[in-house]
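Below is one structure, written out as structure tokens; comments come after it.
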Amino acid sequence: MAEEIEEEVVRGENRQPIVSVLGHVDHGKTSVLDLVRSIGSERQASVMDREAGGITQHIGATEVPADVLNDTCAAMLGGKNFKSPGLLFIDTPGHHSFVSLRNRGGSVADIAILVIDIMEGLQPQTIESLNTLKETKTPFVIAANKVDRIHGWTCERGRSFMQSLKDQREDVVSLFEDRYWKILGQFSEHGFNIERYDKIRDFTQNVAVVPMSAKEGEGLQDLLAVSVGLAERFLEDRLTDTIGPAEGTVLEMRDEIGMGKTIDVILYRGSLKIGDNIMLASNDGPFSTHIKGLKRPKGMSEMRDAGKRWVNFPDVQAACGVKIVAPKLEQAIAGTTLYLANTEEQIENSKKAIQEEWRTIYDKMPIMCSVCEKVSPRVEFIENCQKGTCKGAIEEKNGVVIKADTVGGLEALAFELFKLKIPVRQASVGPVNKKDILMAKSIKDPLNRAILGFSTKPNNEVADELKGDDSEIKFFNGSIIYHILDSFEEWREQTKADIEAEQRESLVYPGRLLYLKDHTFRAKGPAIVGMRVVGGRVHIGQRLMKLDGTSVGQIKSLRTRDSDDVKEARQGDEVAVAIQGPTVGRHIEELDEFYVDVPEKHAKRLKKIELTTVEQEILDELIRLHRKDNHFWGR
């Protein structure tokens, strides 16, 4: 008996399984959880309706108590009840930007539900989720969602899939089978044997598929029964392994009315009580604080928007979602790990773990090599670029400044910038502050002199500075990453066009002019003669040369036939040109032709921009002419 008691103490009590919901964007992950939250007496409204753009942008969590599970699945349990005290669902973003968030959610989970659209099958983020599940060795169930999209399929809310299948017409069942076998083949290509859950004899050899419709509320009891059954049958050791220092994932830092700064946490190991010391990550490194309050969402409220639906607890045990009230939480970085830090050993271990975690995130930020201009994650650059082909120094001074409300958001933003080959100079979590603006002002590249903020805003000190049109720094923010990037890219294109336009004004362009017969107005001091621009353009201040390369003089003024002074004349224009230097009859004659003398540095710049066909021909002639004396001219 003593041994049995000792074993019970070591193993701890049975905790609720953590279920991560994964899958491709728009395949229905949040819809599945909204369906879960709609059952029972304390049903909650849709979270998806309140997510920016209808896309999950942060990790969310919902607890479903055992009584709700047992009631919902009663028809399938045959009078039995689940052993688990409930289920803790984690909802992860499906958008391809949020790779790290999905990995984080997948690594915390005991089991996973992989949601796929039965009509679309495996998509890029589905495959990515499969790889995460394979790497973390997480058992999972496939929710083949959106059976209502099958032509002719009729749904009934609350009905099990097995009953629904019996009620469908033969031709509809045939269409369903076609979709099912296609999906089976796709999973087989990636090394997974899948089977409809009601046909599986050995769950260790096959992955269960549960067809359902989250939109119409059909097949939920099948999904819940299979998920809980899988966890209880194969994860008993893991679900009773609750002893040890507390660890949890910080979902979000919030400023709650009446509570002050709080953090929402998924506690996946150990226990916490009021008065405990905890260690968290900040932009400046690890910091510690002490717990003043512990609150859990009432009923099945989603932690992302539980509102006032919170219940106070003196202590909490894994696995659960908990809101923690404590001092200094404004420093906490969402997406990082919380550690219990009551003892010296715990403090030391926590510091090391947090530093390593933040370093890993930092190493993923994109940087640019100053030699080859290749953009790659910092850790890859150090391993490959510096020691390999070009050995270029790290060039971060031209990178943008990025901000986000969570680490996951920061990683997602950096991921998208990496694809656009835009380096990041500074990345941090929280509101935009004075330090961020000073950093952005020092960026050399005008196309990157910007701050991109995902789900974050400027603090009061700098808000006005970023609002004005005359602000030195361009600020882009919003709650949807691709909207931010679209605005940023549009601004970059416009800024680039403006810079090029400005350069074109000061750049000496190729031009060719003809001295018209009977158009001599003054012979010298300066000579004023009528000319036609036969190609390209000419501008006040530029110098003219003969077709053999002989220098003629500098243009002092241009005047049209209407006696209007102009700064520039283009192909086809006829103007009176005042030239300082030559004397008519001695240095120049009627019907002579002249080139605009393009400086060598300008010739190099002209090669990089788009010229008209005539301008290009004139430039080629000028280069050929100059290279008679200098073979390397303009190279």
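The values are calculated or read from the model by the stated rules, or taken from the named source; none is laboratory data. A quick note: this is a predicted structure, and the numbers were derived from the prediction, not measured. So basically every Cβ, Gly included, is an ideal-geometry build from the backbone, and we count neighbours across all protein chains shown.
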- Message: among the β-branched types (V, I, T) and surrounded by fewer than 21 Cβ atoms within 10 Å (Cβ to Cβ): is that true of V207 in this structure?
- Response: yes
- For the stretch 104-122, how many residues are of a type outside the set (G, A, S) and at pLDDT 85 or above? 9
- Query: Restricting attention to the stretch 256-266, which residues are more than 15 Å from N312 (Cα to Cα) and without any contact (Cβ under 8 Å) to a residue 60 or more places away in the chain?
  - Reply: I257
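State yes or no: is M253 outside the structural domain of V21 (by TED's automatic domain parsing), among the aliphatic types (A, V, I, L, M) and either modelled with pLDDT of 85 or more or part of a loop (DSSP other than H, G, I, E, B) (or both)? Before you say what the answer is, go through the steps one by one.
Values: outside the structural domain of V21 (by TED's automatic domain parsing): yes; among the aliphatic types (A, V, I, L, M): yes; either modelled with pLDDT of 85 or more or part of a loop (DSSP other than H, G, I, E, B) (or both): no.
Against the criterion (outside the structural domain of V21 (by TED's automatic domain parsing), among the aliphatic types (A, V, I, L, M) and either modelled with pLDDT of 85 or more or part of a loop (DSSP other than H, G, I, E, B) (or both)), M253 does not qualify.
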- Looking only at strands (runs of 3 or more DSSP E) that fall completely inside the stretch 102-209, which ones have 3 or more residues that are touching a residue at least 24 places away in the same chain (Cβ under 8 Å) and not β-branched (V, I, T)? 111-117, 140-145
- Go through E195, E218 for me and flag whichever is modelled with pLDDT of 90 or more, in the same structural domain as R159 (by TED's automatic domain parsing), in contact with a helix residue (DSSP H, G or I) (Cβ under 7 Å, 6 or more places away or on another chain) and crowded, with 17+ Cβ neighbours inside 10 Å. E218
- Scanning the stretch 608-635 for residues that are out of contact with any strand residue (DSSP E or B) (no Cβ under 8 Å at 6 or more places or on another chain), under 27 Å from M531 (Cα atoms) and part of a loop (DSSP other than H, G, I, E, B), which turns out modelled with the lowest pLDDT? E610
- Out of A231, A246, sole residue that is on the phi < 0 side of the Ramachandran plot, modelled with pLDDT under 85 and either in the same structural domain as G409 (by TED's automatic domain parsing) or surrounded by 22 or more Cβ atoms within 10 Å (Cβ to Cβ) (or both): A231
- Somewhere in the stretch 494-505, is a residue surrounded by fewer than 14 Cβ atoms within 10 Å (Cβ to Cβ) and at pLDDT 90 or above? no
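Hey, does the stretch 574-581 have a residue that's touching a residue at least 24 places away in the same chain (Cβ under 8 Å), part of a strand (DSSP E or B) and within 47 Å of the chain's Cα centre (by Cα)? Outline the logic, then answer.
Of the stretch 574-581, the ones touching a residue at least 24 places away in the same chain (Cβ under 8 Å) are 574-581.
Still in the list and also part of a strand (DSSP E or B): 574-580.
Narrowing the set further to residues that are within 47 Å of the chain's Cα centre (by Cα) leaves none.
No, every residue in the stretch 574-581 fails to be touching a residue at least 24 places away in the same chain (Cβ under 8 Å), part of a strand (DSSP E or B) and within 47 Å of the chain's Cα centre (by Cα).
Against the definition (surrounded by fewer than 17 Cβ atoms within 10 Å (Cβ to Cβ), of a type outside the set (D, E) and farther than 16 Å from E489 by Cβ), how does L420 come out, yes or no? Steps first, answer last, please.
Working: surrounded by fewer than 17 Cβ atoms within 10 Å (Cβ to Cβ): yes; of a type outside the set (D, E): yes; farther than 16 Å from E489 by Cβ: no.
Criteria not met by L420.
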- Could you pull out every one of the helices (runs of 4 or more DSSP H) wholly within the stretch 422-510 that has 3 or more residues that are touching a His at 6+ places or on another chain (Cβ under 9 Å)? 481-506
- Residues being exposed (fewer than 15 other Cβ atoms within 10 Å of the Cβ) and not charged (D, E, K, R): count how many of those fall in the stretch 584-611. 4
- Under the condition of being under 20 Å from D518 (Cβ atoms) and more than 54 Å from the chain's Cα centre (by Cα), which residue from the stretch 553-573 is surrounded by the most Cβ atoms within 10 Å (Cβ to Cβ)? R559
